[in-house]
Amino acid sequence: MRIAICPVSQIFVKMKERSNDARELMMSNRMLTPAAVARRCFYERDGGFDTSLVHTADWDMWVRPIVNSRARMLNRPLASYRIYDASDTSRLRRSAGDLRDCLRFLGKRDAEGLTGFDRTAFSRALVRDSFAEARHFQRLGDRDAGRANYSTL
């Protein structure tokens, strides 16, 4: 069993201190669940969670208020993120379910025509992530997970 604690500040290094520029958030989800706090009306006003998205529902939910409202992102460490081999996130990474969900997220962004969304840049980032995940799992000796991530895109 592997558990790693990743300070949120390591993930947010490229984000501005305060921003409502959704382009930063549209390329990767930097809003980790333990670092997000919002009132219920915040969720409801912009449509809440899309339950058709498995791994990216929170990411999808954060993009809309940043684009459509006055919501802001803060680049401050507010929590730590635990990586645990038996977690849902780890399972989805291993099976490439997270990447397939990113493809659904891409389709949704395209259909909505969301301002500032760069489909080409997002697609390139997704391919890079797919190859990086495949290499990661191959280094760990997990050929099935490596193959799943390599063949997803």
Summed side-chain charge close to Arg91 - residues other than Arg91 whose Cβ falls under 11 Å, Lys, Arg +1, Asp, Glu -1: -1
At R0 = 30 Å, FRET efficiency that the Cβ-Cβ distance of Arg143 and Met27 yields, to 0.05: 0.55
Backbone HN-Hα couplings from phi across the stretch 102-109 [Karplus 6.51/-1.76/1.60, Hz, Gly and Pro as x]: 5, 5, 5, 4, 4, x, 5, 4
The stretch 107-153: Cα Rg divided by the 2.2 N^0.38 Å rule of thumb: 1.44
Note, ³J(HN,Hα) from phi for the stretch 132-137, Karplus 6.51, -1.76, 1.60, rounded to Hz, x at Gly and Pro: 5, 5, 4, 4, 4, 6
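Just so you know, all these numbers are worked out from the coordinates, no wet-lab data involved. Just so it is clear, the structure is predicted and the values come from calculations on it, not from any experiment. When we count neighbours, we look across all protein chains shown, and the Cβ atoms used for this are built from the backbone with ideal geometry, even at glycine.
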